[in-house]
Ligand SMILES: Nc1ncnc2c1ncn2[C@@H]1O[C@H](COP(=O)(O)OP(=O)(O)OP(=O)(O)O)[C@@H](O)[C@H]1O
């Protein structure tokens, strides 16, 4: 029973009724006390993966463990230890944020007094304090979304699965969610998070898992994944007069903008000068570049361990 990791997926696959494969071969390990971010294009299999490890979906193949418990044979034990915010989660609109969080905790076995105290704490952290007593009918989409996230993070769950919790949230609200997620990880819990926002992934991830077409194509810490790219710098050229073909390690075209990759800062500056572009910026590669490389280019599996 492997329990040194909070979540372990071993070759998980899911075939939906009708024959569509939602996941084909998903293997990854999420450490305790860390934030694991699942990344990948629409339809890659992130939600399906979260569904399987949170016991909502039965895998068609493979094995999975949460806190050392088998996700199929010991699903009840797993459920006791997790909290989940599905992508489409909604609150009961007849409740206020305070009621929603508090009564959810009570339903999980908390005393009313502890639930009230904890609900207040989390609502403050997520910037929901001012509207804690407003009916769900009077909340904006983002406020409702944050309330559901507050319900999951307020719990004692050792492992919290959040499927795109910040989609549609304003900048300040995102910071609130990030703060709460980091706080939960600092308590030793494991947070598994999906997002399409590369900046968010870069800010939050201790551990990243890239999924493409139902398979894990890369896994590791952001630093390791960045370091494994065959280039170090990206040059963004807007309307270049000359094509940096030959100078760049790789080029991506987005309309009249080119992203050229270089293996050193001096090469990057040479590309920027030579192109005579309307504007040129040179920056170290980031998570977006990691994403583009692993998801769209490298088809082979890459695994980067922390050692
Ligand atoms: N209930 C279902 N029945 C049949 N096919 C499904 C079902 N749910 C998902 N799929 C399919 O499984 C594949 C993976 O979907 P999934 O929702 O896991 O992707 P995702 O990575 O979470 O995507 P997104 O970023 O758009 O949320 C897709 O091809 C999808 O159409």
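Each peptide in 107-116, 251-260, 282-291 receives the mean, over its residues, of other Cβ atoms within 10 Å, and ordering these scores from highest gives 282-291, 251-260, 107-116. To the nearest ten degrees, helix 97-107 and the longest principal axis of the Cα atoms of the chain are 60 degrees apart. Beta bridges per DSSP, both residues in the chain: antiparallel share near 65 percent. Helix 141-154 and the long axis of the chain differ in direction by around 70°, with both axes built from C-alpha atoms. The calculated FRET efficiency for residue 87 paired with residue 130, based on their beta-carbon distance and R0 = 25 Å, is about 0.40.
Measure nothing but the geometry: give the 0 to 90° angle between the long axis through the Cα atoms of 112-125 and the longest principal axis through the Cα atoms of the chain, rounded to 10°. So the helix axis and the longest Cα principal axis differ by about 20 degrees. Taking 0.36 nm per residue of separation and subtracting the Cα-Cα distance, full extension of the segment from residue 250 to residue 269 would add 5.3 nm. In segment 156-201, the alpha-carbon atoms span a convex hull of 71 Å³ per residue.
Summary of the geometry: segment 134-178 and segment 222-299, compared by the centres of their Cα atoms, lie 35 Å apart. Segment residue 238..residue 281, full-extension length gain: 14.6 nm, with 0.36 nm per residue of separation and the alpha-carbon distance subtracted.
How large is log10 I(q)/I(0) at q = 0.10 Å⁻¹ when the Debye formula is applied to the Cα atoms of the chain, each weighted equally and without solvent? Per q value, in the given order, log10 I(q)/I(0) is -0.62. In the chain, helices alone account for a calculated mean residue ellipticity at 222 nm of -10000 deg cm²/dmol, with every DSSP H run of four or more residues adding -39,500 (n - 2.57). For residue 10 and residue 76, a Förster radius of 22 Å and the Cβ-Cβ distance give a FRET efficiency of 0.60, rounded to the nearest 0.05. The alpha carbon radius of gyration of segment 230-284, expressed as a multiple of 2.2 N^0.38 Å, is 0.93.
Every number here is computed from the coordinates shown, using simple stated rules; none is lab data. All figures in this text were calculated on a predicted structure; none of them were measured in a lab. Glycine also receives a Cβ, built like all others from the backbone with ideal geometry; neighbour counts cover every protein chain displayed.
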